[in-house]
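**Student:** Before we start, here is the structure in question, set down as structure tokens.
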Amino acid sequence: NWSTGDTTTSININSSGTYSITVTDSLGCVGFDVVNLNFMESPIAGFSDSIVGLTVYFSAPLYEGVIYSWDFDGNGTTESTIAGNVTYTYNLQGQYNVILIVSNECGSDTIHHIIYVTSGINDIETSSVCNVFPNPTMEYITVNIDNKALSKWQIEIFDVLGNFIYTETTKEQTPNISQQINLSSFSKGIYYLKIRNEQYNEIIKVILH
């Protein structure tokens, strides 16, 4: 008799757990055994990135029992084996092929992603595409975006050390987007507002008094 209720000589298992079997022979002798089964699936590679100047913040899904191998410039060398969130700073601006390999006993998966890093953060406060006001501010800022492409935009905020502290995605897909952000919970100082979509990426300095 199996702990599943089956009375066959073998059973098919499709989930992790503890299973036991009791066997009784014709003389009444009883045998008992227990086995612990842990099903593992092949991991799927994937990550997102957030770029501030030459520093890139990568975030990958966490899998238990999985080995992570990061190659940040596509040269075939593993620069990091950190799971989940990892930060890397490039020496030069340019285009880089980032490769992540995830593997466990059941298999492996690889993802390639091209990123573009620039030489640093620009101290601009306005541009032809994005406008932030009031700047400096004491509480709220309004982000206006000239959205001719009718796309969604990602708005992110970093402190002067490059720490990621805020993000939101615009919901409107209209030619002109106006998004208000409350900074009252932030400490006074300088912040960098990153505004991007698939074709455009800009960083604007914001001063909070």
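Values quoted throughout were computed directly from the atomic coordinates according to the rules given, and no laboratory measurement underlies them. Just so you know, these numbers come straight off a predicted model, no measurement behind them.
**Student:** Over 20 Å, how big is the tail of the calculated P(r) for segment 1-97, in percent of all Cα pairs? Kindly include the intermediate steps, with their values, before the conclusion.
**Tutor:** Working: 2744 of 4656 pairs.
Result for the distance tail: 59 percent.
**Student:** Still on this structure, I have one more. So what are the three principal axis dimensions of the chain from its Cα atoms, in whole Å, longest to shortest?
**Tutor:** 90, 38, 34
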